[in-house]
1. Do the conditions hold for Val53, that is, is it touching a Leu at 6+ places or on another chain (Cβ under 8 Å), closer than 17 Å to Leu193 by Cα and not acidic (Asp, Glu)?
2. Return the only residue of Leu116, Leu188, Leu159, Leu176 being free of Cβ contacts under 8 Å to residues at least 40 places away in the same chain, touching a strand residue (DSSP E or B) at 6+ places or on another chain (Cβ under 9 Å) and either in the same structural domain as Asn28 (by TED's automatic domain parsing) or within 19 Å of Asp68 (Cα to Cα) (or both).
3. On the basis of being within 30 Å of Gly154 (Cβ to Cβ), surrounded by fewer than 18 Cβ atoms within 10 Å (Cβ to Cβ) and of a type outside the set (Val, Ile, Thr), does Arg181 make the cut?
4. Do any helices (runs of 4 or more DSSP H) entirely within segment 24-139 hold 3 or more residues that are under 15 Å from the mean Cα position of the chain (by Cα), and if so, which?
5. If you check Lys202, Lys208, which single one turns out to be of a type in the set (D, E, K, R) and not in a helix (DSSP H, G or I)?
6. Could you please give the count of residues in segment 103-131 that are of a type outside the set (Gly, Ala, Ser) and buried (at least 24 other Cβ atoms within 10 Å of the Cβ)?
7. Across segment 1-23, which residue is farthest from the chain's Cα centre (by Cα) among those that are under 25 Å from Met80 (Cβ atoms) and of a type in the set (A, V, I, L, M)?
8. Just one of Ala237, Ala225, Ala256 is closer than 30 Å to Glu13 by Cβ and either exposed (fewer than 12 other Cβ atoms within 10 Å of the Cβ) or not assigned by TED's automatic domain parsing to the domain that holds Asn112 (or both); which is it?
Amino acid sequence: MNEGQTCVLCRIEEGIGFVTLHRPEAMNTFNTALALELDEALGAMEADSGVFVVVIEGAGKHFSTGIDLKEILGKERHEMRPFLALMDRHNYRLASMTKPVIASIRGYTLANGAGLALACDFIVAADDAVLGTTAVNVGLICLEPGYQLARWIGPKRALQYVLSGDFIPADAAERLGIAYRVVPVESLEEATLDLAKRLAVKSPLSLKTGKRGMHQIETMMLERAIDVAGEHFASLAVTEDAREGLEAFLTKRPPAWKGR
């Protein structure tokens, strides 16, 4: 890729924001430019009131095979920690986003690329997709992607993948509950768009409350989780959109969300 060329492409169609990793000649590996542009793109999608759902995809045959190893080798000791913090920045951004984020994956989705996909709310996978926490195979270790994987399948099972570097093919990802849907590679775009459209017509306030609430109660004890969930539900139930949704359902008409 020529120096200065954009590493992340963005477009918005019918309330759906598309963020495309665009280093296909390097299997969409993370370098400094891609990490910075990805964070900027996700921030812009979150801030845009006309975007209701975000889709992250990869250009070419693969979603992402992780961090560019050549860039790692080029770092001095004092540069390594800040560099890796940048490579992980998408995790903080995705965790703070109030809009649903779908990872649309095909081909290799490995290491930091797997971490990115696993940090999203949904994964729609082509049947040729392969996930993997594979850094152990080159003398490194996938702790951040492993953390994200553990949120889907539990810590011990995730540890086995982190230590072995074994692949998780699409069909296994579906059985494990990681992939929301697996489709033939030629149907990936259609399946992703179908899910995005279904989410885009739902109440933005409901989606926002659902994401924040589920993240908040994830590690709470049962009694506290029930209380906090009830508080979120009560706050949502008195909004204009909640009344609109209930009235629309009872009168059998489409709701008109106002976001308040």
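The values are calculated or read from the model by the stated rules, or taken from the named source; none is laboratory data. These numbers come from a predicted model, not from an experiment. Backbone-built Cβ (ideal geometry, glycine too); neighbour counts: all protein chains shown.
1. Yes, satisfied.
2. That would be Leu176, the only listed residue that is free of Cβ contacts under 8 Å to residues at least 40 places away in the same chain, touching a strand residue (DSSP E or B) at 6+ places or on another chain (Cβ under 9 Å) and either in the same structural domain as Asn28 (by TED's automatic domain parsing) or within 19 Å of Asp68 (Cα to Cα) (or both).
3. Yes: the conditions hold for Arg181.
4. Ranges flagged: 32-47, 89-96, 112-118.
5. After applying the criteria, what remains is Lys202.
6. Total satisfying the criteria: 10.
7. Checked segment 1-23; the qualifying residue farthest from the chain's Cα centre (by Cα) is Met1.
8. Ala256
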